[in-house]
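Heads up, the thing below is written out as structure tokens.
Read-outs throughout are calculated quantities, based only on the coordinates presented, and are distinct from any laboratory measurement. It should be emphasised that the depicted structure is a prediction, and the values quoted were computed from it without experimental measurement. FYI the Cβ positions are ideal-geometry reconstructions off the backbone, even for glycines, and counts take in every protein chain you see.
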Amino acid sequence: MPVKIAMVTGASSGIGRATAVELAARDYHVVAAGRSEQRTMPVVEGIVADGGSAEFLHVDLASLESVRSAARLFESTGRVLDVLVDNAGVGGGRGVTEDGFEIHFGVNHLGHFMLTHHLRRTFRPGTRIVVVSSEAHRRPDGIDFDAVQRKTHSLVGWKEYGVSKLANILYVRELARRQPDWHPYAVHPGMTDTGIFPGFVKPFFRNLKTPEEGAETVVWCAADDEVAGQSGLYYSRKRAREPSAVALDDELAAELWRRSEEWCGVASFD
């Protein structure tokens, strides 16, 4: 049988690392995609030492050119991708991406949108795309498309983080509509101790999950037979959950898709 291949962004630590390790244990060859080879290679080496198979792929989701280059490099190998886990993200902090987008929106949504687009020729019918979202998506009442092109302005970026997580769910739903042969899922992993937010924010969060616990539903959507064939839904604790009313807005999802294509400089792949 051909080797199953899974790409995981942000595999150097947290939920991404736990997801990569678990998928490798399930006999996937893991493409550990990340910005830092120094931080990611110990994960790759640990997987190999345990009898698994893995490699590093450099990608900086804050740079659309880096994302394009990484996807083209993988495509050039001629391999088929069975699973793509869009996990990497930022939470907290201020600033813009290399391309001038608010850092949370640019990394958490736009970078992954670009990655999926440029990997599309490596997908097969049934390829799963798992996008790590959050219950923080319930905070925004929409997307200010002007604001996502400006520097983070809230104190710790919580507002902007929520908008990016709303974008994740809207994107998954629109992707499922446009590409019924693929199976995209949005996942809330639960409040997990991943280090994504600054340390001074942690006292506001209680009963944080370990990264391994946070990865459980991510891996379930990526590899479990029970969820096979389902598309476009939002999952938490291994079951479908109703997202916010705004996340179910089909017009907003279509508008986000149109603008994302325009900002990434790509054509529709309907």
Original post:
Which ordering of Arg173, Arg79 is given by a fewest-first count of other beta-carbon atoms within 10 Å?
Top reply: Arg79, Arg173
Subject >> Vicinal HN-Hα couplings computed from phi for the stretch 215-223 (Karplus, 6.51 cos²θ - 1.76 cosθ + 1.60; Hz; Gly/Pro x) >> reply: 7, 4, 6, 4, 5, 4, 5, 6, 9
Original post:
Gaussian network model of the chain, Cα springs within a sub-10 Å range: biggest mean-square fluctuation belongs to which of Ser69, Ser154, Ser53?
Top reply: Ser154
Original post:
For the chain, what's the relative contact order in percent, using C-alpha pairs closer than 8 Å and at least 6 residues apart?
Top reply: 19
**OP:** Sort Cys264, Cys221 so that the residue with the fewest other Cβ atoms within 10 Å of its own Cβ comes first and the one with the most comes last.
**Re:** Cys264, Cys221
Original post:
Amide H of Leu57: which non-local residues (sequence gap of 5 or more, or other chain) have their own amide H closer than 5 Å, using H built in the peptide plane?
Top reply: Ala32, Ala33, Gly34
Original post:
Exposure proxy check: Leu233, Leu61, Leu73 ranked by fewest other beta carbons within 10 Å?
Top reply: Leu73, Leu233, Leu61
Original post:
Once amide H atoms are built 1.01 Å from N in the peptide plane, which residues 5 or more positions from Met7, or in another chain, come under 5 Å H to H?
Top reply: Val31, Val83, Leu84, Val85
Original post:
Over the Cα atoms of the stretch 52-164, Rg to Rh with Kirkwood Rh, two decimal places?
Top reply: 1.01
**OP:** Could you compute the FRET efficiency for Arg124 and His153, with r as their C-beta to C-beta distance and R0 at 45 Å, rounded to 0.05?
**Re:** 0.60
Subject >> 222 nm mean residue ellipticity, helices alone, for the chain (DSSP H n ≥ 4; -39,500 (n - 2.57); rounded to 500) >> reply: -10500 deg cm²/dmol
**OP:** Calculate one ³J(HN,Hα) per residue across the stretch 244-254 by plugging θ = phi - 60° into the Karplus curve 6.51 cos²θ - 1.76 cosθ + 1.60, and present them in order as whole Hz with x for glycine and proline.
**Re:** 5, 4, 5, 5, 9, 7, 5, 5, 5, 4, 5
